[in-house]
Amino acid sequence: MDAMFRRSVADRPRRVVVLGGTGFVGRRLSATLESLGHQVLRVARGTAPGAAAHPVRLLDLARAEVGEIAEVLREARVDAIVNAAGGMWGLTDEEMFAANVALVEKVIAAAGGLPGPPRLVQLGSVHEYGLTAVGASSTESDVPQPVNAYAGLKLRCTEAVVEASARGVVDGVSLRIGNVTGAGQPAVSLLGVVARELWTAREEDRPAVVRMRSLGALRDFIHLSDAVSAIVTAAAVPDLPGRVFNIGTGRATSAREMVRMLIDVSGVPTDLVESEPDVVEGTWQQMSIDRARDLLGWSPRESLRDGIRELWASHAPAASVAHGT
């Protein structure tokens with residue numbers, strides 16, 4: 001994060017509530033906001049390693065009542081809310097709805113009781129667009145065509161924030177973020193699974209055998225630090241120049257390249273075994289990031305390889321603890 005950016009967002013200190021403040025994105029986001037002089041309240045279902053120095057307001061947002069969320073926002077005298085909560089892995093359809101759509105609807109309802117409309121930054125997803133023709137870049141004006149339940153729910157969240165902003169309930173924005181890579185990558189994600197396999201092989205002093213389904217799909221990946229800088233900008237900018245922004249690298253990278261990069265960074269001799277190409281081989285997601293660059297003054301600065309290095313460095317100690325060493 002460069003010095004000019006730090007000065008520009010630090011000039012407007014805010015009281016920010018980060019929902020999901022102990023999660024993958026929420027942890028880095030909260031720390032970055034604080035480093036820039038903002039006052040941060042982390043709200044989450046549970047704490048995280050190293051969280052003792054950062055108090056967390058414990059609240060299961062998926063199950064909380066509107067009144068409970070409203071109380072948190074009033075007590076914080078909130079200027080901005082960032083919704084970094086949600087979920088998809090290992091959840092039933094009902095749980096996924098509660099963790100995404102119902103949560104956003106409750107936050108909007110809670111914000112309606114505040115003295116003025118707070119800034120609400122919703123972390124949306126590239127998956128809201130669905131799949132596009134190879135070589136094409138999705139723009140914010142495209143009609144989204146999500147292809148799975150999670151993507152459909154994230155689209156409903158975006159629509160709820162845009163609609164509530166039109167009514168003046170919140171001053172909201174949805175950031176459609178690409179596939180985030182960096183320190184603290186969830187263990188159930190593609191790269192998290194591979195990192196655990198590699199670390200296990202390293203512990204056992206043997207080559208790794210990583211068996212995956214076809215890795216031919218191409219996706220818009222993004223370094224965690226770049227995603228966080230975009231979120232901070234959206235939370236702190238005085239006047240929002242739009243309601244939906246794409247946040248990615250603006251280029252598609254294959255899942256295979258990301259996995260091979262992780263293997264290379266780990267230094268573990270590895271045999272990567274893929275299944276035969278299936279229906280996802282060659283599928284494509286790439287976003288245009290022109291709107292974010294032109295209107296928010298944001299653009300990605302970090303390399304995906306550095307994100308992979310961070311992932312490996314942070315995952316290895318966690319994997320060691322999980323395996324009892």
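The values are calculated or read from the model by the stated rules, or taken from the named source; none is laboratory data. Remember, it's a predicted structure, so these values are computed and weren't measured experimentally. Reconstructed Cβ throughout: ideal geometry from the backbone, glycine too, with neighbour counts over all protein chains shown. Accessible surface areas use protein heavy atoms only, side chains included; no ligands, DNA or RNA. Shrake-Rupley method; radii C 1.70, N 1.55, O 1.52, S 1.80 Å.
Residues in the stretch 211-222 that are farther than 18 Å from E274 by Cβ and open to solvent by less than 10 Å² (accessible area, probe 1.4 Å): D220, I222.
Within the stretch 180-195, the set of residues being in a helix (DSSP H, G or I) and open to solvent by less than 10 Å² (accessible area, probe 1.4 Å) comprises L191, G192, V194, A195. Scan the stretch 265-272 and tell me whether some residue there is crowded, with 16+ Cβ neighbours inside 10 Å, in contact with a Gly (Cβ under 8 Å, 6 or more places away or on another chain) and either touching a residue at least 12 places away in the same chain (Cβ under 8 Å) or farther than 16 Å from S225 by Cβ (or both). There is no residue in the stretch 265-272 that is crowded, with 16+ Cβ neighbours inside 10 Å, in contact with a Gly (Cβ under 8 Å, 6 or more places away or on another chain) and either touching a residue at least 12 places away in the same chain (Cβ under 8 Å) or farther than 16 Å from S225 by Cβ (or both). Of the residues screened, D93 is one that is modelled with pLDDT under 95, of a type in the set (D, E) and over 21 Å from F24 (Cβ atoms).
A residue that is touching a residue at least 40 places away in the same chain (Cβ under 8 Å), closer than 29 Å to R309 by Cα and either over 15 Å from the mean Cα position of the chain (by Cα) or open to solvent by 30 Å² or more (accessible area, probe 1.4 Å) (or both) can be found somewhere in the stretch 161-179. One residue alone among T181, T200 is polar (S, T, N, Q) and farther than 27 Å from L36 by Cα, and that residue is T200. Please state which one of S225, S275 is open to solvent by 20 Å² or more (accessible area, probe 1.4 Å), of a type in the set (S, T, N, Q), under 16 Å from the mean Cα position of the chain (by Cα) and over 20 Å from V134 (Cβ atoms). Only one candidate passes the filter, namely S225.
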